[in-house]
Amino acid sequence: MSETAVNVQAAARKFLAKTEQHLVSYLEACVHCGQCAEACHFYMASGDPRHTPAYKLFPIAKFYRREKSPLSWLRLTPPITEKDLSEWEELLFDTCTLCGRCNIVCPMGIDIASIVGAVREAFVAAGLGPTDLLAAADNSRDKGSPLGVTIAVMRERLEWLADEYDVVIPLDKPKAEVLLTVSSIELMKYPGSLVAMAKLLNAAGVDWTMSAKGHEATNFGYLAGKTDVAKLMVERVTDAAESIGAKTVIIPECGHGFGVLRWVGANLLGRPLPYEVFHITEFLAQLKREGRLKFRPFADPVTYHDPCQISRRGGATAAARYLLEGFAEGFREMSPSGNYNWCCGGGGGVQSIARAADLRHKVFKIKMEQVEATGAKTLVSSCANCRLTMEESKAHWKWENGLESLVEILAAHLIEQPQPPAA
Ligand code: SF4
Ligand code: SF4
């Protein structure tokens with residue numbers, strides 16, 4: 001095998017492994033109807049036919065047709081080249097947020113987000129992939145978080161937050177029923193979100209802790225196509241949960257962190273997860289249902305941005321709405337919303353790819369128009385990555401509407417009430 005700067009053979013081996021799996025049925029199923037095109041925010045923002053979802057199937061489809069399809073022996077399809085891989089790299093990483101919107105309109109049910117996620121592994125094997133996204137994955141492996149937040153930094157940060165906001169944030173309790181994770185985006189950029197979660201869990205009398213062994217909610221290994229790092233991140237959280245006997249792990253306002261642990265975690269770990277995974281909105285909704293959390297109403301006109309990995313891909317669409325119900329009196333839905341929401345433009349690791357910024361901003365215009373149509377003055381979300389993406393695009397367009405975190409709004413309107421004694 002000749003080694004080149006782009007290792008085509010390594011990519012081919014990875015493609016081969018992937019086409020042994022269920023993905024091959026998707027490749028056979030595409031009828032080239034084009035219905036997915038207008039479901040994709042990248043195509044809608046750019047009008048570039050290369051940004052259509054079906055086009056993103058081409059690298060693996062080309063490999064499949066040449067090497068594995070029933071007619072592959074005819075050798076009608078030319079081999080994948082270094083040039084092919086280099087050209088497709090940007091499409092596979094910068095123009096797919098793994099949002100799954102194309103999936104719900106595809107008459108054949110083709111899950112392009114899963115295919116793109118799998119194909120990214122082949123690109124990384126070939127020595128390709130955006131350096132900033134890959135660095136975030138490497139930082140997660142080497143330092144514990146994509147932003148390079150070490151355990152020592154986290155400890156300092158928690159101590160400061162506890163002092164500054166007069167809130168108890170337990171760390172490394174020897175035993176606890178619930179393990180709370182946090183994304184380093186929240187820890188460093190939106191610490192109010194962690195403070196809010198701590199206040200809400202404490203107010204409801206939950207037996208919870210954070211853990212230095214497994215604190216990071218994000219999984220940039222998964223987003224960057226580095227399966228070894230993805231697995232390591234799941235192992236860390238699992239070690240932490242097992243060591244304190246926690247049967248529940250909460251993922252904070254982090255969409256992909258929730259999706260990866262909840263829906264892919266067991267496969268990455270190689271065994272069933274020994275705990276249940278909840279997104280913070282699901283967990284808080286349950287506490288509200290049990291009467292353990294109550295909120296003062298507020299009347300501001302707000303709307304809710306569904307993070308793709310929490311609503312459409314995550315199955316927690318109803319939780320945020322239940323939390324807002326009877327509390328946010330000025331709440332109004334965007335159209336479309338819920339499982340048909342438009343992505344913020346920065347999921348799937350795209351947020352951390354600097355060269356994708358202009359395209360992300362164009363995508364955000366779809367969201368701006370949606371929000372403006374509701375008359376809402378504030379956009380609420382439950383994903384720190386969406387929040388960061390939208391905040392940057394908001395600044396880019398000098399858009400003045402507010403942007404808030406759901407848990408922070410809830411904590412700000414919490415009614416302190418005595419909790420029933422623990423059973
Ligand atoms: S909607 Fe489905 S079947 Fe039609 S082109 Fe897109 S991926 Fe292929
Ligand atoms: S998963 Fe989302 S971003 Fe990716 S191709 Fe489909 S609609 Fe576009």
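The numbers here are math on the coordinates, done by the rules we state, and not lab data. Treat the numbers as computed from the prediction; the structure is a model and nothing was measured. Neighbour counts are summed over all protein chains in view; Cβ atoms, including those assigned to glycine, are modelled from backbone coordinates with ideal geometry.
The trypsin sites (Lys or Arg not before Pro) of segment 279-352 that meet both conditions, a loop assignment by DSSP and at most 16 other Cβ atoms within 10 Å of the site Cβ, are Lys294, Arg332. Among Lys83, Lys18, Lys143, the largest mean-square fluctuation in a Gaussian network model of the chain, built with springs joining Cα atoms closer than 10 Å, belongs to Lys83. For the chain, the C-alpha radius of gyration divided by 2.2 N^0.38 Å, with N the number of residues, is 1.00.
Computed from Cα positions, the angle between helix 227-244 and the longest principal axis of the chain comes to roughly 30 degrees. GNM, the chain, Cα, under 10 Å: largest mean-square fluctuation among Leu158, Leu179, Leu71? In the Gaussian network model the winner is Leu71.
Between Arg332 and Ala212, the modelled label-to-label distance comes to 5.1 nm, taking each label 7 Å out from Cα in the direction of the beta carbon. How far, in degrees from 0 to 90, does helix 112-125 lean away from the longest principal axis of the Cα atoms of the chain, to the nearest 10? Orientation of helix 112-125: about 70 degrees from the principal axis.
Seen through its C-alpha gyration tensor, with square-root eigenvalues sorted a ≥ b ≥ c, segment 13-141 comes out oblate because a/c lies at 1.5 or above while a/b is not bigger than b/c. Distance between the pseudo-spin-label points of Glu177 and Met44 (7 Å out from Cα toward the beta carbon): 4.2 nm. Have a look at Ala266, Ala384, Ala137 and tell me which one the Gaussian network model of the chain (Cα, springs below 10 Å) gives the largest fluctuation. Top of the fluctuation ranking is Ala266. Filter the cross-link list Lys226/Lys288; Lys83/Lys394; Lys231/Lys398; Lys143/Lys367; Lys18/Lys83; Lys18/Lys231 down to pairs whose alpha-carbon distance in this structure exceeds 29 Å. Among Lys226/Lys288; Lys83/Lys394; Lys231/Lys398; Lys143/Lys367; Lys18/Lys83; Lys18/Lys231, the Cα-Cα distance tops 29 Å for Lys226/Lys288; Lys83/Lys394; Lys231/Lys398; Lys143/Lys367.
Among the trypsin sites (Lys or Arg not before Pro) found in segment 376-410, those both in a DSSP coil and sparsely packed, with 13 or fewer other Cβ atoms within 10 Å of their Cβ, are Lys398.
Other residues within the sphere of radius under 13 Å centred on the Cβ of Ser337, judged by their own Cβ, net out at +3 (K and R +1, D and E -1). Angle of helix 151-165 to the longest C-alpha principal axis of the chain, folded into 0 to 90 degrees and rounded to 10: 40°.
For segment 252-329, GluC sites (Glu not before Pro) are listed when DSSP marks them as loop and at most 11 other Cβ atoms sit within 10 Å of their Cβ; the list is Glu290.
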